Amino acid sequence: MDVKRVKDYIYWLYYQYLLVTCSYVLEPWEQSMFHTITVTVVAMVVYTAYVFVPIHVRLALEFFSQIFGAQPDSAV
């Protein structure tokens, strides 16, 4: 893969991000604050999903298996 094309694509994605969030009109210090807050929020959402989604999926599967008549593992 051509390094220049990858670099251009990443620059294009960053430019699209600037356009969608309208952060291209901010001053440089405001942009850095905005990007820091955005990255922090995204990181917290990803971490929360990583930690809590599997637990809720397991609990939902246990709940529905009890509703539809499957035997619990400890009732053998």
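The values are calculated or read from the model by the stated rules, or taken from the named source; none is laboratory data. Here the structure is a predicted model, which is why all the values come from computation and not from measurement. A quick note on method: Cβ atoms are made from the backbone with ideal geometry, for glycine too, and the neighbour counts reach across all protein chains shown. All accessible areas refer to the heavy atoms of the entire protein, side chains included, with ligands and DNA or RNA removed. Shrake-Rupley method; radii C 1.70, N 1.55, O 1.52, S 1.80 Å.
Restricting the first residue to the stretch 3-29 and requiring it to be among the small types (G, A, S), which pairs with a second residue that is open to solvent by less than 100 Å² (accessible area, probe 1.4 Å) meet a Cβ separation below 9 Å and a spacing of at least six or different chains?
Pairs that qualify, where the first residue is among the small types (G, A, S) and the partner is open to solvent by less than 100 Å² (accessible area, probe 1.4 Å), are S23/Y17; S23/E30; S23/Q31; S23/F34; S23/H35; S23/T38.
Sort out which residues of the stretch 53-69 are open to solvent by 100 Å² or more (accessible area, probe 1.4 Å) and either within 30 Å of V25 (Cβ to Cβ) or in a helix (DSSP H, G or I) (or both), and write them in order of number.
Passing the criteria: H56, R58, L61, F63, F64, Q66.
Does any residue in the stretch 31-47 that is in contact (Cβ under 8 Å) with a residue 12 or more places away in the chain come within less than 7 Å, Cβ to Cβ, of a residue that is surrounded by 10 or more Cβ atoms within 10 Å (Cβ to Cβ) six or more places away or on a different chain, and which pairs are these?
F34/S23; F34/L26
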